Amino acid sequence: MYLPAIFEDVDPDSIARTIDSIGLAQLVMYRPEGLTATPVPLLRRPDPTNPERWTLVGHLRNGNSCLVEGEALVLFLGVESYVSPNLYPTKRDHGKVVPTWNYETVHVLGTLTLHRDPAWVLQLVTDLTNVHEAENPAPWKVSDAPSDYIEVMVTNIVGIELDPVKVTAKRKMSQNQPDINRDAVRQAFGAGTSSQQTMAQIMATDTLR
């Protein structure tokens, strides 16, 4: 990933929040016949003995081409939005502005392990469900479904766990623009789409300047 220092995020807490807020990632694996990739919901699971360490856990259907142990790359893409040059006040002064894209992303390179133990997979499914149902007024629980049905479903999937080797995070939020342009983008996004509004909130508190 092209990563100018001005856009790099090296704060472990910030990176963890970004991963936790995204959920769905792209898993990229190399097989003898070439690269293969798949979208997969992943949960960041902290190490109980060392909170600064964590793994990424999830599951894939039997037969998925990414069910291969070994080196893997996980891509998280968070909020993103096109930035029109028309948003920049300096356009009126000299016209030296071009379109761009603001976004946040985290790339996690690591070693993928497969888990076929039904108890491990069931716990993973339960954890994932609890996280993503948490904001619902009446959260659905794995135990809401018949146990024999869940047992069959669990046998059809394989747990995956990625142990990170290298984590690279980028938050491009107009830091390379003068304050007058950055503030204008933030204000415009504050009245835009839900994704743009989230980006505006990040830009208002972002320390990557």
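The values are calculated or read from the model by the stated rules, or taken from the named source; none is laboratory data. Since the structure is predicted, the reported quantities are computational estimates derived from the model, not experimental observations. All Cβ positions, glycine included, derive from the backbone under ideal geometry; neighbour counts span all protein chains shown. Remember, those area values only see protein heavy atoms, side chains included, never the ligands or the DNA or RNA. Shrake-Rupley method; radii C 1.70, N 1.55, O 1.52, S 1.80 Å.
Within the set L60, L67, L42, L56, the sole residue that is within 30 Å of F189 (Cα to Cα) and either surrounded by 14 or more Cβ atoms within 10 Å (Cβ to Cβ) or polar (S, T, N, Q) (or both) turns out to be L42. Among residues belonging to segment 156-183 that are of a type in the set (A, V, I, L, M, F, W, C) and open to solvent by less than 20 Å² (accessible area, probe 1.4 Å), point out the one that is farthest from T100 (Cα to Cα). Of everything passing the filter in segment 156-183, V158 is farthest from T100 (Cα to Cα). The single condition among (1) small (G, A, S); (2) within 16 Å of H59 (Cβ to Cβ); (3) exposed (fewer than 15 other Cβ atoms within 10 Å of the Cβ) that G95 does not satisfy is (2).
Of the set (1) modelled with pLDDT of 95 or more; (2) under 21 Å from the mean Cα position of the chain (by Cα); (3) not hydrophobic (A, V, I, L, M, F, W, C), all apply to E135 but (1).
The condition (being at pLDDT below 95 and of a type outside the set (A, V, I, L, M, F, W, C)) is satisfied by just one residue among R116, R209: R209. Among the residues making up segment 184-206, those that are open to solvent by 60 Å² or more (accessible area, probe 1.4 Å) and within 19 Å of the chain's Cα centre (by Cα) are S194, Q197, Q201.
Filtering segment 101-139 to residues that are open to solvent by 60 Å² or more (accessible area, probe 1.4 Å), touching a residue at least 12 places away in the same chain (Cβ under 8 Å) and in a helix (DSSP H, G or I) leaves P118, L122, V131, H132. Which of the following residues is modelled with pLDDT of 95 or more and over 26 Å from P4 (Cα atoms): D127, D183? Testing whether each residue is modelled with pLDDT of 95 or more and over 26 Å from P4 (Cα atoms) leaves just D127.
Results for (1) over 20 Å from P41 (Cα atoms); (2) hydrophobic (A, V, I, L, M, F, W, C); (3) out of contact with any helix residue (DSSP H, G or I) (no Cβ under 8 Å at 6 or more places or on another chain), shown as yes or no for each residue.
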| site | (1), (2), (3) |
| --- | --- |
| L109 | no, yes, yes |
| L112 | no, yes, yes |
| V131 | no, yes, yes |
| E135 | no, no, yes |
| V154 | no, yes, no |
| N176 | yes, no, no |
| A184 | yes, yes, no |
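If you go through segment 19-27 one residue at a time, do you hit one that is of a type in the set (V, I, T), in contact (Cβ under 8 Å) with a residue 40 or more places away in the chain and either assigned to a strand (DSSP E or B) or surrounded by 14 or more Cβ atoms within 10 Å (Cβ to Cβ) (or both)? Yes, the conditions are met somewhere in segment 19-27. Just to be sure I understand the filter: pairs with C-beta atoms under 7 Å, separated by 6 or more residues or on different chains, first member in segment 167-187 and β-branched (V, I, T), second member open to solvent by less than 10 Å² (accessible area, probe 1.4 Å) and assigned to a strand (DSSP E or B). Which pairs pass? Note: pairs meeting the criteria are V167/V106; V167/V108; V185/V83.
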